[in-house]
Structure formats: structure tokens, C-alpha cells
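Okay, so here's the structure we're looking at.
The values are calculated or read from the model by the stated rules, or taken from the named source; none is laboratory data. The structure presented is a predicted model; accordingly, all values stated were derived computationally and were not measured. Ideal geometry is used to build each Cβ from the backbone, glycine not excepted, and the neighbour counts take in all protein chains shown.
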Amino acid sequence: MASITELKRRVDLHELADRLGIKKGKGGEKANYHSPHTTDKVPSLSIFPALPEKGEGWKDHSTGKGGSCIDLVMYVQGCDVSEAMRYLHEAFGIPFDTIDKPAEPTRTKTAIDYIAERAIEHREKARDYLKSRGITDAAIERALKCKTLGYNDWTSPKRPAGEVGHGGPAAVFLVHSLNGSQLVAADMRYIDPALNGGVKTQTQGEKDGHGWTADPRKLHAAHRVVIVESAINALSVDSCGIPGTAAYALRGIGNVDNIDFTFLRGKQVVICLDNDDVIADDKPRAGERPGPDAACKLYERLTALNIACILIDQADWVKDLADGSNKAESINDVNDYLQLRGADELRKALDTYEQWLIPGMAGDTTRKGKPRVFLPSHDFAQYWRFRSRLDFSTYIAKAGETEDDAPTHIDLAGFRVASFSRVSVASASSTMTGDPDNSPTVYFAVTVQTPRHGADLTRAVLNDKQIHNLTVWNQFGPIWEPKRFSRMVTILERSAHLGARKAANYVGLAWRDGRLVVNEGPDCYFTNAEQQCPYHNLTFPSGTASDAARVIGKYQETFKDNAAALALVWGLGGHLKALLGFWPHMMMQADKSAGKSTLIKALERTIGFTMFSGQSLQTEFRLLTSISHTSHPVGWEELSARKQDVIDKAVGLLQENYQYTITKRGSEMTEYVLSAPVLLAGEDVPVRSLHGKLVRTNLT
């Protein structure tokens, strides 16, 4: 176990106060907190700056109590020193030393660790360079405080100045994993690239799969995130001081495919990558625009994850005409815009969204490079008329007679079509076994953004017959111009290949395109989600390894003979059905007041498990829909209290979904894969015919 001194040094008191649920007053990051033991109107608990070897301190002025991080835990939770130290180890992921073996040696520092230590020690030296790039003191100060920004002036003794690898003064951007617990890379941006052989940037550590942000806490709290290519561009966005907005740097367009962007769900994402010009015809990748092309690719990837995103309109990002020049040059990136136009103008530019129906494909003379979609002349002649706002669609009924005249817009629909994509859904057999898929089903996923749902996208899965059915489209919102809207859909059909993807309609561990994947509810494309899968909108609970260890320990402590832990392991093990081909059901028995209901409620919170009441299982169809398209367990409560015909049908379904069974129901022949393991909870469960397909746990 870490020493008290070590805990004081490693634990941030502001983060600890947040974890303990202490209410923070107004005033920003340095604000005081409300006392957890008094009803103070003015925040009375203060946190003092760290002192060498002593860490931060605190004092509750309403009671006179104060001390270290350990004292704060004891003060809030009423525990002793050992319990407080254990809480700090678990809450901050600090490993415990084992008793039966000597403590492991301290991890050997890597080159990244040494670079980071030196960079942080001299970080103030990066300020002048960043200010020369237009970055504000406030943005620099936040990054310095969060220790994501530093300075390095190392030079190689073996390479002379001007040769690649020589080094030199550089601003250092320290890259951490998303939870902030691990340093993964250090990106150097050289102040004078000529000293380093003309190389402007260099990375030590991992490049793929990790982005950079100045303040991870601000990123998680933000409701709007601007994605840019480089860290200097992210600081440029921060320099605008836009409330509720954070910046996230990809660290290169190659990371569009490598970063897990699911942390952005529920946020409005604004994509503003570099405004690169078209690559010349005599060069590789001629006709392409690396930045805008990557922005479109990122857009398709985010909308597939149901993340609301939109592109910045960079058509007007041009420099003033130079003396004697008759052609304006493009402003390449966010930092260039900041230096040329200033923070106020950049703030306006970041609020100017692209309005084209197909993102990244202009319908006028501003289009550069290869078109994203080929539109025949009769479609392209109408394409420019359809315009998309953030959550609204309009139609240009009449163009302006001159360049200075504004066009006449009319309302088209009360929502924005964010994506129209072809989806190939694997057959149930391929999903469960991993065998090559000989009979996939093609659907069309329509994703829209509406005012009522804000940054949460709404998705519907349509078949060929439904694409031009306006009644289906009306479920998203009002359509004021039906004929023109239908014309718009015919154009969108030509873009279905842009976000084309393969999917598996199964929640849990499943096979998709020959690979094992963990499929969550948003990854599925059900045509009737509410009926086809009880977990159609489930995102699995997750946490750190220390969180998991604490949960398992608590289940072990609850009942003797592993009775509670058995239920937990059974629930998680159900996802092995894709590998084993079967998984047993579970029967939970207990005496009156033994705590069965409490344990089931705990399971619901721990693993996202659903317990169906007897009232919701009155028919065979309801029983069937409760166990479909998932290996995540469900529960049937008090089955023995139902009518005999319901009991017989339920037992029959339990026989079938011990492995998995495919069935189709209804006039549309909707497919159901019966596979969810079932927890049977009751005093008298009729399971005589289920021997060999059932495990038991008795709560004592």
C-alpha cells in the first residue's frame, strides 16, 4: 500500500472532492466547496495550493476541520485511516502492495517519462513561442496547469544543426490516455524547424489511437467539441474562449480511423481540419485534398456512431490579395486564421457551418477537387437548391438576381438528414458462428438531427419500399414541401455508398465480417428495434480494473458459498454463447426476506440487466421478444404465477434458446434470434424439463 506521503503527493484534492460528491460553489476552478456537514449558504471549504512533499491541503471554515486527502475522506465518510487509504487506492487506481510477495520494483522510466519531466519543469519557456502564434495567455495557462504543455530544448550531440534529428527548442504537447491516467506520447513542435533539418514536428511514443486536448476535464464536460488536426490548432480554438466548447486534436489525419470516438456521444461535434488545396496533377494522389477529404471521412465515421457532427464552411477562408496578385490564397488551418483575423473573427468562423445536402460537396463554383458523389446533370441542376442547417432543412426557391442579392429560402423540413447510408446486415447464422455470410440483408440507415433531441441523433432503418414513403420520414418531424422533399431523397440515394457499412444485429459478443466484436445497442440496425431486442439502446457499463475488483469483492461479501458472485459470473458468461454455442439458464431461489430482490436490483445496475415482471410476459410473443437478438441475460419474475399455457410456452422457449433459434413472425416476416440466457426468480419455478440446461444459486 502506498505511504501517506505518497498519497498526499499523488491525489488531487479538487478531483477527490468531486469524487466524494462535495458540492462546488460558483467561481470557476478556484472556487470553494460547500461544507458536507453544515448548511452553509456561502461555500466554506477551501483547498490550498500544494506544498513540497506535503501535497494540497483543505479546511472547512464552518467547523474548523482540515488536513490532507486522507483527512478529507475520513471527514466526509466517517471512516478510519486504513479505510480512507483503501478508498484512495481504489478511487485513483493506485495499486496495492501484496503481502505474500515483495513489492514489485518501480517501473523503469521511459524516454517519454524523461521528456515529460523535463518539459513540465521548463514549461513556462513555451509561452513566448505560443503567444507569437496568436495563442492567448488564458489558453496557455490552462494547458500549463493541466501539464499537457511543456518545453524542450534538447539537441543531439551527434547531429549538427540543420540536419534531421538535431532537435532544438520546441513546444511539447504531452498526450495522455482519455482517463488521464497514462502518458502515451510527447509531440514536439520545433520553434525553428531549420535547426532540425526542416522537420517541423516529431513524436516520441504512440501516434495512433490517441488525440490531444489541453484540459481533459473540460473536454469531458463540454457540450460542443471542435476537432482539428494539430495541438497548435486546438490551442487556437481554446483562445477564442467559447463557453461550453473544447478542442480535440487528432494529431494527424491518419488517426481518423484509429481513435475510439465513442466518448463524444451526446456532444455536438464540429469538424475543422486543414483547408488543404488540391494536389497538383503531376503528383501522387492528384486531385485530392487531404484535409477536407479526411474531414468527410471523419464525418461518416462519427454519424455511424450516432454522434452529431457538422463541417465548418471554409469556402471563405482566403487571405487578402497580395500586392500584384490577382488570385487569393487559402487560409490553411485554424492557427493561420487566428493569426490573420484574430480571435473574434475565428469565433465567428467556427460558428459558420457548411450547408450542403451532401457534406463536403459544394454545389457551386466554390467546389474544389474531385466530387464526393457523381450526380447526373438532372440531379446536379437541382442539388444546389437543397440546404441543411444544424437541425433544419431549407430549399432555395429563387436565386438572387445578382451576387449581392440574397436567395429566397423556404422551409423544407423540421430536421436535417445527417446521413443516408447502405447497411449490409449479416445473417443470424453468420452472426452466431462466424461462418461466411451467404445471405446478408441490405437496409438503408437514415440518421437525422432534430431540435427536440439536440446533439443526440435519431436513426431509422428502412427497406427499399420505405425510402420514398413520406409517412416514414414524418416520424422525424414536419415536412412542409413534400414534393421537393421527395426530390431531395432521390439525390440522397446516390450518396448511399459514402457511409456504407457492415453490421450484425446482435447485442453482446458476436461475429461480424469474420471477426469477434462487442456489439452494443447503437451498433445494431433493427427495423423494429423495440420489438426485436430488449437491449436495442444498451451501452454496456464500463470502468477500470480496480472498479471491477471492488464490484466482485462486494458480491462475494453479500452471501455465503459464492451465491451472489455466481449470479454475476453467470450474467457475464452468457456472452460466451458466440464461442460455445450454448449457455445455461439460472434459477435463483431464496427464502422470504433473504435479499433476492435486492440482489437482482444490484445486478440490474452492475451489468445493465433487465428483469421482466410477470405482467409483461402474458403472451408467447412478449416472451419471445424479451430474449431476442442478444446474449446479455434477462430475468423472468414469478413465472410460476402465470397461467399454465404461458408457463408451457415459456419452458418451450427456454429449451430452444439454451443454444439459439431463428424464427420469423408477422406479415413482414421480421426475424428474431432467440438466444438470451434467462434468470428465473421465484419460490416455485417449473423447471423439471430443463435438467442439464440450468444452473442454480441459493441465497443463504
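To keep it simple, each residue is scored yes or no on (1) buried (at least 23 other Cβ atoms within 10 Å of the Cβ); (2) outside any strand (DSSP E or B).
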{"residue": "Lys207", "(1), (2)": "no, yes"}
{"residue": "His220", "(1), (2)": "no, yes"}
{"residue": "Leu235", "(1), (2)": "yes, yes"}
{"residue": "Ala247", "(1), (2)": "yes, no"}
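For the stretch 490-566, the strands (runs of 3 or more DSSP E) that sit wholly inside it and include 3 or more residues that are of a type outside the set (Val, Ile, Thr) and closer than 27 Å to Glu668 by Cα are 501-503, 508-512.
Residues considered: Ser628, Ser593. Of these, the only one that is under 24 Å from Ala563 (Cα atoms) and either under 39 Å from the mean Cα position of the chain (by Cα) or outside the structural domain of Thr441 (by TED's automatic domain parsing) (or both) is Ser593.
Scanning the stretch 516-541 for residues that are under 18 Å from Lys577 (Cα atoms) and either of a type in the set (Ser, Thr, Tyr) or free of Cβ contacts under 8 Å to residues at least 12 places away in the same chain (or both) returns a single hit, Tyr535. Cys240 passes every criterion in (1) modelled with pLDDT under 95; (2) part of a loop (DSSP other than H, G, I, E, B) apart from (1).
Anything in the stretch 249-263 that is in a loop (DSSP other than H, G, I, E, B) and either within 15 Å of the chain's Cα centre (by Cα) or under 18 Å from Asp215 (Cβ atoms) (or both)? List them, or say none.
Restricting attention to the stretch 249-263, the residues satisfying the condition of being in a loop (DSSP other than H, G, I, E, B) are 250-252, 257-260.
Leu250, Arg251, Asp257, Asn258, Ile259, Asp260 - these are the residues of the stretch 249-263 that are in a loop (DSSP other than H, G, I, E, B) and either within 15 Å of the chain's Cα centre (by Cα) or under 18 Å from Asp215 (Cβ atoms) (or both).
Residues that are polar (S, T, N, Q) and closer than 19 Å to Ala247 by Cβ within the stretch 336-379 comprise Gln339, Thr352, listed in sequence order. Of the strands (runs of 3 or more DSSP E) that lie entirely inside the stretch 25-144, those containing 1 or more residues that are modelled with pLDDT under 85 and not hydroxyl-bearing (Ser, Thr, Tyr) span 45-51, 55-60.
Which residue out of Tyr672, Tyr658 is in contact with a Lys or Arg (Cβ under 7 Å, 6 or more places away or on another chain), assigned by TED's automatic domain parsing to the domain that holds Met588, in a loop (DSSP other than H, G, I, E, B) and not polar (S, T, N, Q)? So that I can check it myself, show each step before the final result.
Numbers: Tyr672 fails: in a loop (DSSP other than H, G, I, E, B).
On inspection, the qualifying residue turns out to be Tyr658.
Here the stretch 465-520 is the region considered, the condition is being of a type in the set (Phe, Trp, Tyr) and buried (at least 16 other Cβ atoms within 10 Å of the Cβ), and the residue that is farthest from Ser421 (Cα to Cα) is Trp511.
Taken together, the residues in the stretch 498-518 that are farther than 17 Å from Tyr660 by Cα and either β-branched (Val, Ile, Thr) or out of contact with any helix residue (DSSP H, G or I) (no Cβ under 8 Å at 6 or more places or on another chain) (or both) amount to 7.
A quick yes/no check of all residues on (1) out of contact with any Phe, Trp or Tyr (no Cβ under 7 Å at 6 or more places or on another chain); (2) closer than 22 Å to Phe582 by Cβ; (3) modelled with pLDDT under 80:
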| site | (1), (2), (3) |
| --- | --- |
| Glu638 | yes, no, yes |
| Ile647 | yes, no, no |
| Asn657 | yes, yes, no |
| Gly666 | yes, no, yes |
| Thr670 | yes, no, no |
| Leu674 | no, yes, no |
| Asp684 | yes, no, yes |
| Thr700 | no, no, yes |
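Within the stretch 442-458, the residues that satisfy the criterion of being within 21 Å of the chain's Cα centre (by Cα) and either of a type in the set (A, V, I, L, M) or part of a strand (DSSP E or B) (or both) are Ala445, Val446, Thr447, Val448, Gln449, Ala455, Asp456, Leu457, Thr458. Just wondering, is there one or more residues in the stretch 527-544 that are aromatic (Phe, Trp, Tyr) and assigned by TED's automatic domain parsing to the domain that holds Ala676? No: the stretch 527-544 contains no residue that is aromatic (Phe, Trp, Tyr) and assigned by TED's automatic domain parsing to the domain that holds Ala676. Across the stretch 185-205, the qualifying residues are those that are surrounded by 18 or more Cβ atoms within 10 Å (Cβ to Cβ) and among the aliphatic types (A, V, I, L, M), and the one among them that is farthest from the chain's Cα centre (by Cα) is Leu195. In summary, Ser439 fulfils each of the numbered conditions (1) outside any helix (DSSP H, G or I); (2) touching a residue at least 24 places away in the same chain (Cβ under 8 Å) with the single exception of condition (2). Within the stretch 472-486, the only residue that satisfies the criterion of being of a type in the set (Gly, Ala, Ser) and under 18 Å from Tyr383 (Cα atoms) is Ser486.
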